[in-house]
Amino acid sequence: VAALAAALATAVAVAAPATAAEKKRYRFDHGDPTKGVAVNPPTPTPGARRRGRLVGGRIVKASDEVKGARFAVKIFNAAGTTFFCMGSLVSRSYVITAASCGVTAGMKVRVGGLDLYKGWYLNIQTATPYPFFQAGSQINDLAMLKLENPPTLADYADSGVVPIEMPPNGYVPPKLRVSGWGANNSDGTGAAWGGGTRELRSGFMPTTDFDICDALLSEFRDLAPTTQICANFESLEDTALCYLDTGGALWDRRWVAPNKYQYRLYGIASYWAIPEGTGEVCPFGEPNMFTKLRPFLWWTSQFSG
């Protein structure tokens with residue numbers, strides 16, 4: 001027995017350094033105004049009626065029953081010339097996004113529309129980050145944006161826009177949807193206009209046991225299992241967050257009547273993990289982190305009801 005124990009100890013001692021050497025080291029990235037993409041869209045009048053990053057995923061068509069565009073919000077700089085983050089319409093006047101996007105009053109949004117340049121074009125009246133947002137770790141990464149002179153809910157509906165609903169409880173489904181106009185290649189570039197796509201893309205993302213993400217990432221960044229959702233680790237889906245997707249929705253639909261769906265918002269895209277030494281800036285199958293919405297409903301309800 002003593003000889004066997006000694007042999008096992010030797011084997012463990014030999015194996016331990018190899019295991020440590022093989023462990024991935026991670027860095028992190030996310031969206032902010034400095035990573036925005038300059039665009040040359042039409043120049044509408046703010047408030048005018050509508051005229052008509054996701055790495056991987058598929059292009060959403062107008063005929064698709066499930067449209068992330070119904071509640072999706074595209075956030076631009078004050079001049080309306082740089083698209084840099086996303087959000088979700090949660091009521092007539094309010095949009096929820098990530099505090100790490102750095103949105104400020106006076107910036108512009110487009111609400112709804114499958115094309116990046118389509119949708120209601122509105123000013124942001126106020127931007128309120130969650131008061132306990134931790135910029136270093138991006139814990140509590142959410143903000144509420146108030147829109148200036150938004151259309152009525154009926155006018156929204158006429159143009160295909162429907163605010164997304166908050167989660168009814170703390171349950172998070174094992175597989176959710178993401179959608180966006182972000183970069184469409186794992187190297188962080190995109191066809192056509194240098195960093196993103198004009199057409200909305202959508203895909204699936206499985207949630208990941210938080211203990212797994214804690215073991216992978218906690219050495220490199222503080223985590224908050226009660227207020228974050230980790231997703232996508234070792235996923236077989238060809239979907240991952242990338243530049244310009246930050247602030248977007250982790251969502252799903254619920255069938256409530258023939259040809260009628262209820263859209264539910266579970267998380268806000270915060271950041272993604274990148275193994276050191278890889279040439280990819282938005283890799284597939286690595287942890288993507290979202291702010292879990294349910295614990296913050298006491299705060300968001302003060303704005304949107």
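Filter segment 87-101 down to the residues that are open to solvent by 10 Å² or more (accessible area, probe 1.4 Å), of a type outside the set (S, T, N, Q) and touching a strand residue (DSSP E or B) at 6+ places or on another chain (Cβ under 7 Å) and list them by number. Give the derivation first.
Our first condition is that a residue be open to solvent by 10 Å² or more (accessible area, probe 1.4 Å); within segment 87-101, this holds for 90-94, 99-100.
Subset that is of a type outside the set (S, T, N, Q): 90, 92, 94, 99.
If the condition is that a residue be open to solvent by 10 Å² or more (accessible area, probe 1.4 Å), of a type outside the set (S, T, N, Q) and touching a strand residue (DSSP E or B) at 6+ places or on another chain (Cβ under 7 Å), then Val90, Tyr94, Ala99 are the ones that fit.
Only one residue in Gln125, Gln134 is under 30 Å from Phe220 (Cα atoms) and open to solvent by 20 Å² or more (accessible area, probe 1.4 Å), so which one is that? Lay out the reasoning, then the answer.
On the way: Gln125 fails: under 30 Å from Phe220 (Cα atoms).
Residue meeting the stated conditions: Gln134.
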**Item:** Residue selected from segment 248-272 under the condition of a type in the set (Gly, Ala, Ser) and out of contact with any Phe, Trp or Tyr (no Cβ under 8 Å at 6 or more places or on another chain), by the criterion surrounded by the most Cβ atoms within 10 Å (Cβ to Cβ)
**Value:** Gly248
**Request:** Please tell me if Ala191 is small (Gly, Ala, Ser) and either in contact with a strand residue (DSSP E or B) (Cβ under 7 Å, 6 or more places away or on another chain) or at pLDDT 95 or above (or both).
**Result:** no
**Message:** Cβ-Cβ under 7 Å, sequence separation 6+ or interchain: first residue in segment 211-226 and open to solvent by 50 Å² or more (accessible area, probe 1.4 Å), partner part of a helix (DSSP H, G or I) and of a type outside the set (D, E, K, R). Which pairs?
**Reply:** Pro225/Phe210; Thr226/Pro295
**Prompt:** Among the candidates Tyr271, Tyr243, which residue alone is touching a helix residue (DSSP H, G or I) at 6+ places or on another chain (Cβ under 8 Å) and not in a strand (DSSP E or B)?
**Reply:** Tyr243
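Is it the case that Thr104 is of a type in the set (Ser, Thr, Tyr), part of a strand (DSSP E or B) and surrounded by fewer than 21 Cβ atoms within 10 Å (Cβ to Cβ)? Break it down stepwise before answering.
On the way: of a type in the set (Ser, Thr, Tyr): yes; part of a strand (DSSP E or B): no; surrounded by fewer than 21 Cβ atoms within 10 Å (Cβ to Cβ): yes.
The answer is no for Thr104.
Please go through segment 137-153 and pick out each residue that is on the phi < 0 side of the Ramachandran plot and either surrounded by fewer than 19 Cβ atoms within 10 Å (Cβ to Cβ) or assigned to a loop (DSSP other than H, G, I, E, B) (or both).
Residues of segment 137-153 that are on the phi < 0 side of the Ramachandran plot, as a first pass: 137, 139, 141-148, 150-153.
Of everything in segment 137-153, those that are on the phi < 0 side of the Ramachandran plot and either surrounded by fewer than 19 Cβ atoms within 10 Å (Cβ to Cβ) or assigned to a loop (DSSP other than H, G, I, E, B) (or both) turn out to be Ser137, Asp141, Leu142, Lys146, Glu148, Pro150, Pro151, Thr152, Leu153.
Determine which member of the set Phe233, Phe204 is in a strand (DSSP E or B), out of contact with any Cys (no Cβ under 6 Å at 6 or more places or on another chain) and modelled with pLDDT under 95.
Working: Phe233 fails: in a strand (DSSP E or B).
It is Phe204.
Here's the yes/no breakdown for (1) touching a Leu at 6+ places or on another chain (Cβ under 7 Å); (2) in a strand (DSSP E or B); (3) open to solvent by 20 Å² or more (accessible area, probe 1.4 Å):
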| residue | (1), (2), (3) |
| --- | --- |
| Val73 | yes, yes, no |
| Gly80 | no, no, no |
| Phe84 | yes, yes, no |
| Lys118 | no, no, yes |
| Tyr156 | no, no, no |
| Tyr171 | no, no, yes |
**Request:** Could you look through segment 273-288, keep only residues that are touching a strand residue (DSSP E or B) at 6+ places or on another chain (Cβ under 7 Å) and among the β-branched types (Val, Ile, Thr), and pick out the one that is most open to solvent (accessible area, probe 1.4 Å)?
**Result:** Val281
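The values are calculated or read from the model by the stated rules, or taken from the named source; none is laboratory data. What you see is a predicted model, and the numbers here were worked out from it, not measured in a lab. Neighbour counts run over all protein chains shown; Cβ positions are idealised from the backbone, glycine included. For the accessible areas, the whole protein counts, side chains as well, though only heavy atoms, and no ligand, DNA or RNA atoms are used. Shrake-Rupley method; radii C 1.70, N 1.55, O 1.52, S 1.80 Å.
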